[in-house]
Amino acid sequence: QVIHRLPMPNLKDELHHSGWNACSSCFGDATKKRNRLILPSLISSRVYVVDVGTDLRAPKIHKVVEPVELFWKGNVANPHTSHCLGSGDILISCLGDPSGNGKGGFILLDGETFEVKGNWESGEKVPSLGYDFWYQPRHNVLMSTEWGTPKALANGFDPADVERGHYGRHINVWDWSTRTFLQAIDLGKGSVPLEIRFLHDPAAAEGFVGCALNSAVHRFYKAEKGDWAAEKVIEVPSKKVQGWLLPDMPGLITDILISLDDRFLYFSNWLHGDIRQYDISDTRRPKLVGQVFLGGSITKGGPVTVVEDKELQFQPEPFVIQGRKVPGGPQMLQLSLDGKRLYITTSLYSGWDKQFYPDLIKEGSVMLQIDVDTDRGGLKVNKNFLVDFGKEPDGPVLAHEIRYPGGDCTSDIWM
């Protein structure tokens, strides 16, 4: 249930992803506490610092970093992913420059004052696009991904923008110690790699990235020569459809997650409407062990007719929980530390929500819980758990990312 609401002082920020001021990378430093939530705003370029330490049940705004700070001190905008560093600073990836063009740069915040210190990256080479990132100090590497040009994706998805080069296709490899851009791993035109995750084991030189548009998961790894490479290990086939934007509907893998013990990989197909669980004991050969449908664009009785499907024999039933027919599809994921509870929200990004799931805007999104079989694999909806954001007192809202106060599977990095 909702126990507290913290209203933001501005509209149209597009609060998207978030991070902690301290995590496992600060382990052993008694002065560091996980008491501030860092909330970058994807559209306005503000960064909110939220006090979650004074009263866990009633967060309050501690500081607001205004967009002009990012513009002047770093020539970056549209901040996305926030990770704390062992140094105590906070590193935030960005999608663009202040004019709305693509630029895969980073900004550093002081971990005590939350002042903008400037850019993290050094050298003249910077990727043309940015999005998510993860770092692995034992291998002296940071990996970043590419979504799209901010001014192209702001008002929805235009397939022609893929042809124009406004959407990403690379994993970008950075030298962790010198902060220089080293290498771009090309995953193919129209791949749009979004969330990237190393295995949690700090010695592991491999991980996975989910590609939205071609609905593939690639394993990236350190090659024998010391550079980095990638291979496709999962592919979700598109469905041939009528009554939709395109004749072929991709799954649209929008979020991926690795369990804390590095045994399972999860991802969401926002358009097809399913969550999948894979056993990654053999990282080169993930094995599908769990799947559940939670809405999506291909449900029975909707405007879309599936005319050819390589996976399903029938279109799934609409997803109903506690009498509520859920609009949209499963999007953001967060997993409990013991791996037994997978939490889901259904909003991707307001510009795309309006385009693909207009009912989501009118009815609001939901948060759901999936019970996980951690022995053999398997997913089952908990019918007793529903947070309905369509019932918010000021009208329906769109819920996106989920964080645990004590740390979670998508933020903590071990040194």
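The values are calculated or read from the model by the stated rules, or taken from the named source; none is laboratory data. Just so it is clear, the model here is predicted, and its values are computed rather than measured. Ideal geometry is used to build each Cβ from the backbone, glycine not excepted, and the neighbour counts take in all protein chains shown. The protein model used for the area step is the full one, side chains on, heavy atoms only, and it has no ligands, DNA or RNA in it. Shrake-Rupley method; radii C 1.70, N 1.55, O 1.52, S 1.80 Å.
Details
- Annotation note: GluC sites (Glu not before Pro) in region 309-415 located in DSSP loop regions with a Cβ neighbour count of at most 13 within 10 Å are E311.
- Backbone phi angles across region 43-51, fed through the Karplus curve with coefficients 6.51, -1.76 and 1.60 (θ = phi - 60°), yield HN-Hα couplings of 9, 6, 6, 6, 10, 9, 10, 10, 7 Hz in residue order; Gly and Pro are listed as x.
- Charges were assigned to the Cβ only: +1 to each Lys and Arg, -1 to each Asp and Glu. The resulting dipole of the chain about its Cα centre is roughly 400 debye.
- Of [x] 32.1; [y] 21.5; [z] 25.4, the label for Kirkwood radius over Cα pairs in Å derived from the coordinates: [y]
- For region 113-130, 3J(HN,Hα) computed residue by residue from phi via the Karplus equation (6.51, -1.76, 1.60; θ = phi - 60°) reads 8, 6, 6, 6, 8, x, 6, 7, 6, 10, x, 7, 7, 9, x, 6, 9, x Hz, glycine and proline entered as x.
- Among P303, P405, P137, the largest mean-square fluctuation in a Gaussian network model of the chain (Cα springs under 10 Å) belongs to P303.
- Across T254, T81, T305, mean-square fluctuation computed from a Gaussian network of the chain (C-alpha pairs under 10 Å connected) peaks at T305.
- Taken as Cα centroids, region 245-289 and region 389-415 sit 20 Å apart, rounded to the nearest whole angstrom.
- What you get for region 253-388, charging only the Cβ of Lys and Arg (+1) and of Asp and Glu (-1), is a dipole of about 120 debye around the Cα centre.
- Nonlocal amide H pairs with G156, under 5 Å, H built at 1.01 Å: none
- The chain: most fluctuating residue of I196, I370, I253 per GNM, C-alpha cutoff 10 Å: I370
- For W174, W244, the ranking by accessible surface with the largest value first comes to W244, W174, using a 1.4 Å probe.
- Counting only residues at least eight positions apart within a chain, or on another chain, the lysines with an alpha carbon under 20 Å from that of K63 are K12, K32, K33, K73, K117.
- Per residue, the chain reaches -1500 deg cm²/dmol at 222 nm when only DSSP H runs of four or more residues are counted, each adding -39500 (n - 2.57).
- The separation of region 74-135 from region 136-154, counted between C-alpha centres, amounts to 10 Å.
- Bridgeable aspartates and glutamates around K60 (alpha carbons under 20 Å apart, same-chain partners fewer than 8 residues away excluded): D13, E14, D51, D110, E112, E115, E392, D394, E401.
- The residue among V397, G351, M367 whose Cα reaches farthest toward the positive pole of the charge dipole of region 333-415, with charges on the beta-carbon of Lys, Arg, Asp and Glu, is M367.
- Under 13 Å, Cβ to Cβ, from K240 - net charge with Lys/Arg +1 and Asp/Glu -1: -2
- Taking every protein chain into account, the accessible area of region 19-388 amounts to 39 square angstrom per residue (probe 1.4 Å).
- Cα centre as origin, Lys/Arg/Asp/Glu Cβ charges: region 34-89 dipole, Debye: 120 debye
- Amide H to amide H distances under 5 Å link N21 with N35, R36, I38, where only residues 5 or more positions off or on other chains count and H is placed in the peptide plane.
- Rounded, prolate or oblate (a/c below 1.5 giving rounded, otherwise prolate when a/b exceeds b/c) for region 239-396 by Cα gyration tensor: oblate
- Residue among H272, G295, A204 farthest towards the positive dipole end of the chain, charges placed on Cβ: G295
- Amide H contacts of V289 (H built 1.01 Å from N, under 5 Å, at least 5 apart or other chain): Q277, Y278, D279
- Computed over protein heavy atoms with a 1.4 Å probe, the carbon and sulfur contribution to the accessible area of the chain reaches 49%.
- Loop-located trypsin sites (Lys or Arg not before Pro) in region 269-329, at most 14 other Cβ atoms within 10 Å (DSSP): R284, K300, K310
- Sequentially through region 270-276, phi angles give Karplus couplings (6.51, -1.76, 1.60; θ = phi - 60°) of 5, 8, 5, x, 10, 9, 10 Hz, Gly and Pro residues having no value and appearing as x.
- GluC sites (Glu not before Pro) restricted to DSSP loop in region 112-152 with at most 15 other C-beta within 10 Å: E112, E115, E124
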